[in-house]
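K.L.:
The structure is given below, and queries will be raised subsequently.
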Amino acid sequence: MTPTNAASRATQTAGVAYAGGAYLLWGVLPLYFLLLTPTGPWEVVAWRVLLSFVFCLILLTVMRGWAAFGAIVRQPRLLGWTALAGILIYVNWQVFLIGTLSENIVETSLGYFINPITTVLLGVFVLKERIRRLQWAAIGIAAVAVIIIVFFYGEFPWIALSLTASFGVYGLIKKKIGPAVDAVSGLTLESLWLIPIAVMQLILVAATPAGITMGSHGAWHAVLLAFAGVATAVPLLLFAAGTRRINLTVIGMIQFITPVMQFIIGAVVLGEPMPPERWAGFIIVWIAILVFVIDLLLAARRGRRIADPAPV
């Protein structure tokens, strides 16, 4: 193996480790947030925003990233994109916490199962990308699954669809911004725009009979709640590090770690109800995912054939 190939393999291995770490952390987040009870979803998200911002400020200082941050701040277009990204990730965080703390983790997993297909649709209709026939087949199968869950299970999966829509568009914005905004600066700005919303939520929570729970349920609970900023920022930073080192085909296959783990937590660990209608919908979603992954593997195989010329 040449030094160049060895370096490339090491880079890809690191990328898989970073991305895999991000998706593993996202997969266990429901269990972490359940430890925060009796804190409600609105207070958790408020602390999540504020403490993520503090953690990012520390990272910018340690990593000497203030120069890059200042360059971004001087570009109004980038500031606008980060503000929109902040709103979308706020919606994603809030819906995820509502789903988790209301014991609807299975439905949150459905949202992240559908997310890769949502990303493909955004690429088609927004970026005008062309997709392959198997990808269209996966989209059609996933649509059938959603229809079955809505009409036969009798419950509109608003948590799942809100999660996949918000995170899908968030990913689209991050793609449009590209390398112009580094991971730490981007998350810092996204958190900064959300500070007024977080402060307002804490004020409203303080006015309720339960009040603010930070510090009122023991030292261990306060430590766990204070850790929300780190638990939010670390997987996002790992994800950014991974995507810079490996291609999207690999990312597309790794990302199913999160919804699989969340489904197991909801259905097996917490015993959420899984009537036949919901099983039918999920099985059809998994068929769509199988078609999607087969298409990714075939595309990667064709790419390797083109990249590797036949021996003379």
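K.L.:
Here is a list: 241, 222, 267. Which entry is modelled with pLDDT of 90 or more, open to solvent by less than 60 Å² (accessible area, probe 1.4 Å) and in contact with a helix residue (DSSP H, G or I) (Cβ under 7 Å, 6 or more places away or on another chain)?
P.N.:
Exactly one residue qualifies, and that residue is 267.
K.L.:
Farther than 26 Å from residue 185 by Cβ, among the aliphatic types (A, V, I, L, M) and more than 12 Å from the chain's Cα centre (by Cα): does that describe residue 101?
P.N.:
Spelling it out, residue 101 is indeed farther than 26 Å from residue 185 by Cβ, among the aliphatic types (A, V, I, L, M) and more than 12 Å from the chain's Cα centre (by Cα).
Residues are listed down the side, and each one gets a yes or a no for (1) out of contact with any strand residue (DSSP E or B) (no Cβ under 8 Å at 6 or more places or on another chain); (2) open to solvent by 10 Å² or more (accessible area, probe 1.4 Å); (3) of a type in the set (Val, Ile, Thr); (4) not in a helix (DSSP H, G or I):
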| position | (1), (2), (3), (4) |
| --- | --- |
| 13 | yes, yes, yes, no |
| 24 | yes, yes, no, no |
| 33 | yes, no, no, no |
| 36 | yes, no, no, yes |
| 55 | yes, yes, no, no |
| 69 | yes, yes, no, no |
| 106 | yes, no, yes, no |
| 111 | yes, no, no, no |
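K.L.:
Could you figure out which of (1) of a type in the set (D, E, K, R); (2) in contact with a helix residue (DSSP H, G or I) (Cβ under 8 Å, 6 or more places away or on another chain); (3) more than 30 Å from residue 58 (Cα to Cα) isn't true of residue 133?
P.N.:
The single condition residue 133 does not satisfy is (2).
K.L.:
Pairs, please: C-beta under 6 Å, at least 6 apart or cross-chain, first residue over 20 Å from residue 99 (Cα atoms) and in contact (Cβ under 8 Å) with a residue 60 or more places away in the chain and in the stretch 143-159, second surrounded by fewer than 19 Cβ atoms within 10 Å (Cβ to Cβ) and acidic (Asp, Glu)?
P.N.:
These pairs meet every condition: 152/277.
K.L.:
So, in the stretch 279-295, how many residues would count as being open to solvent by less than 20 Å² (accessible area, probe 1.4 Å) and at pLDDT 85 or above?
P.N.:
4
K.L.:
Next question, about the same structure. Across the stretch 193-207, what is the number of residues that are open to solvent by 60 Å² or more (accessible area, probe 1.4 Å) and within 25 Å of the chain's Cα centre (by Cα)?
P.N.:
Counting residues in the stretch 193-207 that are open to solvent by 60 Å² or more (accessible area, probe 1.4 Å) and within 25 Å of the chain's Cα centre (by Cα) gives 5.
K.L.:
I would also like to ask the following. Does the stretch 228-246 contain any residue that is among the hydroxyl-bearing types (Ser, Thr, Tyr) and either under 30 Å from residue 75 (Cα atoms) or more than 19 Å from the chain's Cα centre (by Cα) (or both)? Steps first, answer last, please.
P.N.:
Residues of the stretch 228-246 that are among the hydroxyl-bearing types (Ser, Thr, Tyr), as a first pass: 232, 243.
Then drop every residue that is not either under 30 Å from residue 75 (Cα atoms) or more than 19 Å from the chain's Cα centre (by Cα) (or both), which leaves 232, 243.
Within the stretch 228-246 (the criterion being among the hydroxyl-bearing types (Ser, Thr, Tyr) and either under 30 Å from residue 75 (Cα atoms) or more than 19 Å from the chain's Cα centre (by Cα) (or both)), the answer is yes, since at least one residue qualifies.
K.L.:
Starting from the stretch 226-243, take each residue that is within 20 Å of residue 39 (Cβ to Cβ) and of a type in the set (Gly, Ala, Ser) and list its partners that are open to solvent by less than 10 Å² (accessible area, probe 1.4 Å) and not in a helix (DSSP H, G or I), counting only C-beta distances under 8 angstrom and pairs at least six apart or across chains.
P.N.:
Matching pairs, first to second residue: 228/36.
K.L.:
So residue 210 fits all but one of (1) open to solvent by less than 20 Å² (accessible area, probe 1.4 Å); (2) part of a loop (DSSP other than H, G, I, E, B); what number is the exception?
P.N.:
Failed condition: (1).
K.L.:
Within the stretch 151-166, restricting attention to residues that are out of contact with any Gly (no Cβ under 9 Å at 6 or more places or on another chain) and farther than 27 Å from residue 84 by Cβ, which residue is surrounded by the fewest Cβ atoms within 10 Å (Cβ to Cβ)?
P.N.:
Ranking the candidates gives 154 first.
This table checks each residue for (1) modelled with pLDDT of 95 or more; (2) of a type in the set (Val, Ile, Thr); (3) in contact with a Ser or Thr (Cβ under 9 Å, 6 or more places away or on another chain); (4) within 30 Å of residue 210 (Cα to Cα).
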position	(1), (2), (3), (4)
45	yes, yes, no, yes
52	no, no, yes, yes
55	no, no, yes, yes
63	no, no, no, no
68	no, no, yes, no
78	no, no, no, no
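The values are calculated or read from the model by the stated rules, or taken from the named source; none is laboratory data. Since the structure is predicted, the reported quantities are computational estimates derived from the model, not experimental observations. With ideal geometry, Cβ positions are generated from the backbone for all residues, glycine too; neighbour counts draw on all protein chains shown. The protein model used for the area step is the full one, side chains on, heavy atoms only, and it has no ligands, DNA or RNA in it. Shrake-Rupley method; radii C 1.70, N 1.55, O 1.52, S 1.80 Å.
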